[in-house]
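The values are calculated or read from the model by the stated rules, or taken from the named source; none is laboratory data. Source: prediction; values computed, not measured. All Cβ positions, glycine included, derive from the backbone under ideal geometry; neighbour counts span all protein chains shown.
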Amino acid sequence: MNKNSVPSKYIEDEKNKKIEELQEKEKYSFYQEDLAFAKELNILRNDFYYQMNYIDKDNLSLIDFLYKPLDAMSGDAYSVRKIDESREFYLVVDGMGKGLSASLTSMLITSFINHIIDKMKAANSFDLKMLVDESIDYIKPILLDEEALAIDFIVLDSFKNCMDYAKFAMPAALMLNEQNEVIKIKSNNSPLSKYKSNFNISSVDTYGMSKFLFYSDGLIENSTHVEEQLYASLIEDDFKTSFSREELKNKIFEKTNLFEDDTTLIFIKKLNFSKSLIVERSFNSSLEDVDRANEWYAKEWENLTDKENVAYNAGLVFTELFMNAYEHGNLGISNAVKHTLIEEDKYFDTLLEMEKLSTKKIFVKIDKIEDNGLTYIITQIADEGSGFDTQILSEIFRNSRKFNGRGVLVSRKNSLGIYYNSSGNSVLYLNKI
């Protein structure tokens, strides 16, 4: 026997043991990071996740978001809350610095603010001044001596056409007016620190404003490929020429290098449908009308554009969402039941039986809106079903590999965005021609 074989085997075993221990530690670390990020996403509150926000019968706003943490523990946070029929509250938080301390501060104050808003809504007593005051009192004892916090408290009121805000050392909010001019709303307060006591709340007229952008400084401090400029020098033009968040996001990604800090933005676009209708039509809840609707929609697009790829993508979205309105909406078949029926080879027979008992309709409306020299087609599909909780969309888009609902994923990929009403029985999507 080789004299070195026993020591060599011992050394090899110890080496493998160390490797296994390190692998287990790494797995545990990743597991904890996943849990921490999931907790962050639970703390962030979004009452408008892929939702239309109706102002009146001819006007609505689309509220979109981009949240890009640099690490699992983010110093950025946001929340958007529906206060009542006319008001929404927007929060953007940027914990100055990086790492665990900044993340804890951001998450603590975001969680507290959402808790206070829940209480105010329950009592029908929302008050921005009181919210800011309570938030400062809460966070001051928690902040370290050298720590500071940048934060936006913003309330948009669509009935009064005004924006009330307390901005603490955040980048200027942007608005676009009817003359296609960008209006900058600068911070009216210094950073929130342990020694902060007084604060200002200001108000600005928002009549005629068609777009809004609120964001953390991680966005504008990114370096770009454009003559070594920071994105701060490009953001106004990109905001002005973007109809949707998707367009703005594409411009950001095309021009910037890898994100160098936590980045958060909230993009709001108002739509006016008073003079934009092209056509509207209703269909029965039947497989025959599913085919009829697809043929009709394809012909409508032949009159809208000669760009075959655009028309094809719009048709894909229509097919998926119209089928959802038929099977899940009006017939009320859940995903779980659908999969069981497919496995048992009873799906289409069941549809044919159920549709005989349904008198519900599916309504389709196509609008055309001109914006900044470009044309956008907006399709709305509404059913007469009971709808669904649209908050499930957050799980769909975060865990697309685990989710079975192909329709909404295909629809988002092939359009500039999809948006449901609050009850989930009407959906809108955008295409540019």
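Counting only helices (runs of 4 or more DSSP H) that sit wholly inside segment 170-259, those with at least 3 residues that are of a type in the set (K, R) and assigned by TED's automatic domain parsing to the domain that holds L149 are 245-255. Quick check on F126: is it surrounded by fewer than 19 Cβ atoms within 10 Å (Cβ to Cβ), assigned to a helix (DSSP H, G or I) and modelled with pLDDT of 95 or more? Answer is no for this residue. For segment 279-286, state whether one or more residues are surrounded by 14 or more Cβ atoms within 10 Å (Cβ to Cβ), aliphatic (A, V, I, L, M) and either farther than 30 Å from E178 by Cβ or under 30 Å from the mean Cα position of the chain (by Cα) (or both). No, every residue in segment 279-286 fails to be surrounded by 14 or more Cβ atoms within 10 Å (Cβ to Cβ), aliphatic (A, V, I, L, M) and either farther than 30 Å from E178 by Cβ or under 30 Å from the mean Cα position of the chain (by Cα) (or both).
L174 fulfils the conditions (1) surrounded by 19 or more Cβ atoms within 10 Å (Cβ to Cβ); (2) modelled with pLDDT under 95; (3) out of contact with any Ser or Thr (no Cβ under 9 Å at 6 or more places or on another chain); (4) not hydroxyl-bearing (S, T, Y) except for a single criterion, (2).
Per-residue answers, yes or no, for (1) in a loop (DSSP other than H, G, I, E, B); (2) closer than 27 Å to S190 by Cβ:
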| position | (1), (2) |
| --- | --- |
| Y49 | yes, no |
| Y54 | no, no |
| L60 | no, no |
| I63 | no, no |
| L66 | no, yes |
| L70 | yes, yes |
| S74 | yes, yes |
| Y90 | no, yes |
| D94 | no, yes |
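The residues on offer are E308, E280, E320, and the sole one that is among the acidic types (D, E) and touching a Gly at 6+ places or on another chain (Cβ under 7 Å) is E320. There is no residue in segment 394-408 that is at pLDDT 70 or above, over 21 Å from S282 (Cα atoms) and over 15 Å from the mean Cα position of the chain (by Cα).
Checking G329, G315 one by one, the residue that is within 16 Å of R281 (Cβ to Cβ), outside any loop (DSSP other than H, G, I, E, B) and of a type in the set (G, A, S) is G315 and no other.
Each row is one residue, and each column tells you yes or no for (1) surrounded by 13 or more Cβ atoms within 10 Å (Cβ to Cβ); (2) of a type in the set (D, E).
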site: A298; (1), (2): yes, no
site: E302; (1), (2): no, yes
site: A314; (1), (2): yes, no
site: M323; (1), (2): yes, no
site: V337; (1), (2): yes, no
site: I342; (1), (2): no, no
site: K346; (1), (2): no, no
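Has segment 370-377 got at least one residue that is modelled with pLDDT of 85 or more and touching a helix residue (DSSP H, G or I) at 6+ places or on another chain (Cβ under 6 Å)? So far as segment 370-377 goes, no, none of its residues is modelled with pLDDT of 85 or more and touching a helix residue (DSSP H, G or I) at 6+ places or on another chain (Cβ under 6 Å). Please verify whether segment 355-377 includes one or more residues that are part of a helix (DSSP H, G or I), surrounded by fewer than 16 Cβ atoms within 10 Å (Cβ to Cβ) and in contact (Cβ under 8 Å) with a residue 24 or more places away in the chain. Within segment 355-377 (the criterion being part of a helix (DSSP H, G or I), surrounded by fewer than 16 Cβ atoms within 10 Å (Cβ to Cβ) and in contact (Cβ under 8 Å) with a residue 24 or more places away in the chain), the answer is no, since none of the residues qualifies. Checking each residue in segment 309-330 for being farther than 15 Å from I378 by Cβ, aromatic (F, W, Y) and touching a residue at least 12 places away in the same chain (Cβ under 8 Å) picks out F322, Y326.
Identify, please: which residue in segment 212-271 is over 22 Å from Y419 (Cβ atoms) and aromatic (F, W, Y) and is, among those, modelled with the lowest pLDDT? Taking the candidates together, the pick is F259.
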